[in-house]
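*Asks:* First the structure, which I've put down as structure tokens, then a few questions once you've had a look.
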Ligand code: SF4
């Protein structure tokens, strides 16, 4: 940061450190605790293991940064907590009706059947945010230390072995100098570090680069999910109804679709958009607003009021994009490890399972007293033998099958289902999503259709600033920007001409604005980092790859409720 730290940096030692209190790490920590208890009951006193486990989380509370659709497949929950049905687990409502519609601008057509591999019967509509809060309480009750409000900013190494994580400093001013409330971050040293910090995690990126974990893999590709929660005027008579949509408002060349989940008193409404689109003016937030103008969706929002808003990227490259997930001193799990089934639009059960497999690996490490790559490598074989890997393998070419549009995607999906995921070519292959974006000179698009067709307030639509208010996002204002632009000159000149500054469109929180400078002489990039939802879309979709997202001061960011 360009200054000397005056106070000594504290060191904290734990045996196992999990980074990120999402479903992956919480399940991993709880399963490890259970495994240790079982082990200790079976062995004589001298062989019992006393293990300290800690979890750090950048959100101000457990669940504050957690967002998903979400329809939960309880398969991993059943393994983690076999008697979950006898607990107060917040599974809002079982799925009662499962439908897929194709939408045109005004009409809708219901698909005649849903293949069993993507059927949601037997699953539950949940708020992942509340589910994680519930899991967090169980974790804490089992003696695991949870530290919300602490972001991991740097991996610590001894030679080539990961030995811990440095948390972010607090109280650094916008001028990058320590203020009166300055507190240096803590060095948390651990025998093993498990990275489950969500999609495109900052520490995960460091680990992948340091250990070359993506060598020989296809690049990761992503989607963004933008979501709203609506309070209904009265209890719905169709609780448990799950609707997925294809088509409008997206173009056929674009990957994605809508979802609407009925939780009785609330509706979850969202749109997923593949972050490998061509149109530089595509704006996922505005597309969600356009989705609400469709009669099928509008009819379900009658009398409803907006309660919450959020956005998050999700990894969709699948099996062929999974990084090597073990290395000297650590493991990668959950969304950080790319574990999402894009055909089912589900990752929570995979995240939970990966955390549990990490726990089994860590127990092995604790017994061997070795956390080198050699020992932690059993994670790979445990994963390969698990239902999680088998599930991902069957959909290994799904998202890639849509590279040439919706119709080809549907055809590819059919062939892949008949051939166990192989399709007509295996692997289908793909490139990084931002490379798909076309320059203005190469792409004809009518910006007015996508951007100006809805006014604020009309058809229950909102502008981005209003939506951000419903995310509860807050950051300490007096801190350096957590969005680093390597060369703002590129934004103002080259990008303005070549792509028309797509950052203004793809960011779902109006963090990026191109405005006139003080003398009204030229356009400059203006950042509103305090709006940031931590979705990571800008890092992923920036055509020049000059944006780096670093964790802001711990505790800042969205304050998601019921999302
Ligand atoms: Fe998402 Fe980047 Fe916008 Fe933050 S600045 S909301 S991470 S796109």
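*Asks:* Identify the residue in the range 542-557 that is within 12 Å of the ligand (Cβ to nearest atom), more than 15 Å from the chain's Cα centre (by Cα) and outside any loop (DSSP other than H, G, I, E, B) and, among all such residues, is surrounded by the fewest Cβ atoms within 10 Å (Cβ to Cβ).
*Replies:* Selected residue: 548.
*Asks:* Do you know which residues across the range 483-494 are within 15 Å of the ligand (Cβ to nearest atom) and either without any contact (Cβ under 8 Å) to a residue 60 or more places away in the chain or under 16 Å from residue 282 (Cα atoms) (or both)?
*Replies:* Within the range 483-494, 488, 491 qualify.
*Asks:* What do you reckon, is residue 225 touching a residue at least 24 places away in the same chain (Cβ under 8 Å) and surrounded by fewer than 17 Cβ atoms within 10 Å (Cβ to Cβ)?
*Replies:* no
*Asks:* Give the residue, chosen from 29, 54, that is in contact (Cβ under 8 Å) with a residue 12 or more places away in the chain, in a helix (DSSP H, G or I), buried (at least 16 other Cβ atoms within 10 Å of the Cβ) and under 22 Å from the mean Cα position of the chain (by Cα).
*Replies:* That would be 29, the only listed residue that is in contact (Cβ under 8 Å) with a residue 12 or more places away in the chain, in a helix (DSSP H, G or I), buried (at least 16 other Cβ atoms within 10 Å of the Cβ) and under 22 Å from the mean Cα position of the chain (by Cα).
*Asks:* While we're on this one: Does residue 479 satisfy the condition of being in a loop (DSSP other than H, G, I, E, B), away from the ligand (no atom under 14 Å from the Cβ) and buried (at least 17 other Cβ atoms within 10 Å of the Cβ)?
*Replies:* Considered against the rule, which asks whether it is in a loop (DSSP other than H, G, I, E, B), away from the ligand (no atom under 14 Å from the Cβ) and buried (at least 17 other Cβ atoms within 10 Å of the Cβ), residue 479 comes out as yes.
*Asks:* Scan (1) surrounded by fewer than 20 Cβ atoms within 10 Å (Cβ to Cβ); (2) under 30 Å from residue 330 (Cα atoms); (3) in contact with a strand residue (DSSP E or B) (Cβ under 6 Å, 6 or more places away or on another chain) for the single condition residue 137 breaks and write down its number.
*Replies:* Looking at each condition in turn, residue 137 falls short on (3).
*Asks:* Let me ask something else. Residue 552 - would you say it is over 15 Å from residue 313 (Cβ atoms) and touching a helix residue (DSSP H, G or I) at 6+ places or on another chain (Cβ under 9 Å)?
*Replies:* Against the criterion (over 15 Å from residue 313 (Cβ atoms) and touching a helix residue (DSSP H, G or I) at 6+ places or on another chain (Cβ under 9 Å)), residue 552 qualifies.
*Asks:* When the range 406-444 is examined, which residues are found to be within 29 Å of the chain's Cα centre (by Cα), in a loop (DSSP other than H, G, I, E, B) and farther than 26 Å from residue 389 by Cβ?
*Replies:* 437, 438, 439
*Asks:* Quick one: which of 80, 67 is closer than 17 Å to residue 21 by Cα and over 17 Å from the mean Cα position of the chain (by Cα)?
*Replies:* 80
*Asks:* Going by what's in this entry, would residue 188 be described as more than 30 Å from residue 263 (Cα to Cα), in contact (Cβ under 8 Å) with a residue 60 or more places away in the chain and not in a loop (DSSP other than H, G, I, E, B)?
*Replies:* Spelling it out, residue 188 is indeed more than 30 Å from residue 263 (Cα to Cα), in contact (Cβ under 8 Å) with a residue 60 or more places away in the chain and not in a loop (DSSP other than H, G, I, E, B).
*Asks:* Sticking with this structure for a sec: Report whether or not residue 250 is buried (at least 22 other Cβ atoms within 10 Å of the Cβ) and within 30 Å of residue 52 (Cβ to Cβ).
*Replies:* It is false that residue 250 is buried (at least 22 other Cβ atoms within 10 Å of the Cβ) and within 30 Å of residue 52 (Cβ to Cβ).
*Asks:* For a quick check of your reading of the model, give me the residue pairs whose first member lies in the range 532-543 and is free of Cβ contacts under 8 Å to residues at least 60 places away in the same chain and within 23 Å of residue 438 (Cα to Cα), whose second is in a loop (DSSP other than H, G, I, E, B) and near the ligand (Cβ under 6 Å from one of its atoms), with beta-carbon atoms closer than 6 Å and at least 6 apart or on different chains.
*Replies:* 538/507
*Asks:* Report every pair of residues separated by at least 6 positions or lying on different chains whose Cβ atoms are under 7 Å apart, first residue within the range 501-514 and more than 16 Å from residue 489 (Cα to Cα) and without any contact (Cβ under 8 Å) to a residue 60 or more places away in the chain, second assigned to a strand (DSSP E or B) and within 6 Å of the ligand (Cβ to nearest atom).
*Replies:* Close Cβ pairs satisfying both conditions: 511/483.
*Asks:* If a residue has to be more than 9 Å from the ligand (Cβ to nearest atom) and either surrounded by fewer than 15 Cβ atoms within 10 Å (Cβ to Cβ) or part of a strand (DSSP E or B) (or both) to count, how many in the range 500-535 make the cut?
*Replies:* 14
*Asks:* Please specify each residue of the range 271-294 satisfying the condition of being touching a helix residue (DSSP H, G or I) at 6+ places or on another chain (Cβ under 7 Å) and under 18 Å from residue 126 (Cα atoms).
*Replies:* Within the range 271-294, just 271 meets the criteria.
Every number in this text was worked out from the coordinates using simple rules, so none of it is lab data. From a predicted model like this one, the values you see are computed outputs, not experimental measurements. Ideal geometry is used to build each Cβ from the backbone, glycine not excepted, and the neighbour counts take in all protein chains shown.
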